[in-house]
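Below is one structure; the comments refer to it alone.
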Amino acid sequence: MIVRLALCAVAALVLAPAGVRAADLDPHVPADTESYVSINVKQILSSSIFKKYGRDTTREAIKELELNGLFEELGFDPFKHLDRIQLASPTTTDTDRGLAIVSGTFDTNKIKKKVESLANDNENSAKIHKVKVGTGSQTVYELNLSGQDQPVFVAVVDNKTLLASPGKDYVVGALRQARLKKKAVLKNKAFQAVLEKLDPKQGIALAILGSSIGKSKLLEMLPEGIRGALAGIDVLGGGLSFGTEIKFDLVVSTKATRDATTLRDALNKGVRLAQVGLAFLGSDRKELSLLGEVLNTVRVGGRGKVVAISAKLTADVLDDLKKND
């Protein structure tokens, strides 16, 4: 689901309220949210480690995707005009649930002109809907992207906010919810409490209910022991911080002390097994060498029902890899 929402966010941009205080939820966040990721693009782009190691690669990727012309047409520079992306979804396997909230600075007239041009050239690629919001109306764009089996619905709220979702009802619901100018209230109060403790200034912040993890197909790739340990998770939260290095911190709350003990043991064994495997494969490949360096920094701790996991990637490691290219 998060991957699909990420595609929705990209869709909004290629068509095309930044930072909020801790404890404030964006008014567009859906009430049924139980999985949440916030990507503080502005913070990541301004970090010294991204400027040194990621900026040129990112620019090249945009160039290879042939997005420069489109961005120029829309008057949009992701390195200057993109602030934050939030991805929110409920616990479900349905593919049309959830919302992407994109914050930044957008030329609404150029976006409107581009979509109208797409609709006029091919009505199957873009459609324009008018929906009732309060006493007025709001435009919602329906886009059919190449390679996707269902449309993406996008609304330009104003020159600071775009909404995107594979479900039209999520976009319309978010517009109507924000129109009330009230604090976002989630159905799951415990999960809302977790979200309100996330640091919006962190490069990447996330919170996920254990029940959401259990529905992920990625679990099938994990060893049975770790899958069993993950089944005991109640909620997890944390993320990545970008500065002179990249730091990863995650805190997991489990249903019982026994579950936390099982998870800590499984993670420690998993890290050791991965280290042995990498040593067996050798360090000739830079990707494996990088993974090995990160694994050496992994720390698993916590007590009671809480499991704490941390790791980091330093500039020194990246410098060494760059020298070996």
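The values are calculated or read from the model by the stated rules, or taken from the named source; none is laboratory data. Quick caveat: nothing in here was measured; it's all calculated off a predicted structure. Here Cβ is always computed from backbone atoms with ideal geometry, including for glycine, and neighbour counts include all displayed protein chains.
Condition check for Lys130 on (1) of a type outside the set (Phe, Trp, Tyr); (2) modelled with pLDDT under 90; (3) loosely packed, with under 11 Cβ neighbours inside 10 Å; (4) closer than 21 Å to Val172 by Cβ: one failure, at (2). Reported count of residues in the range 240-284, each being in contact with a strand residue (DSSP E or B) (Cβ under 6 Å, 6 or more places away or on another chain), basic (Lys, Arg) and modelled with pLDDT of 90 or more, is 2. How many residues does the range 164-208 contain that are within 14 Å of the chain's Cα centre (by Cα) and assigned by TED's automatic domain parsing to the domain that holds Glu142? Looking only at that region, the number is 2. Any idea which residue in the range 243-276 is farthest from the chain's Cα centre (by Cα), counting only those that are surrounded by 21 or more Cβ atoms within 10 Å (Cβ to Cβ) and not in a helix (DSSP H, G or I)? Result: Thr254.
Residues that are under 17 Å from Leu240 (Cα atoms) and loosely packed, with under 15 Cβ neighbours inside 10 Å within the range 277-318 comprise just one, Arg299.
Name the residues in the range 86-103 that are surrounded by fewer than 23 Cβ atoms within 10 Å (Cβ to Cβ) and either in contact with a helix residue (DSSP H, G or I) (Cβ under 6 Å, 6 or more places away or on another chain) or among the β-branched types (Val, Ile, Thr) (or both), would you? Of everything in the range 86-103, those that are surrounded by fewer than 23 Cβ atoms within 10 Å (Cβ to Cβ) and either in contact with a helix residue (DSSP H, G or I) (Cβ under 6 Å, 6 or more places away or on another chain) or among the β-branched types (Val, Ile, Thr) (or both) turn out to be Thr91, Thr92, Thr93, Thr95.
Restricting attention to the range 133-152, the residues being in a loop (DSSP other than H, G, I, E, B) and either outside the structural domain of Pro166 (by TED's automatic domain parsing) or loosely packed, with under 10 Cβ neighbours inside 10 Å (or both) number 4.
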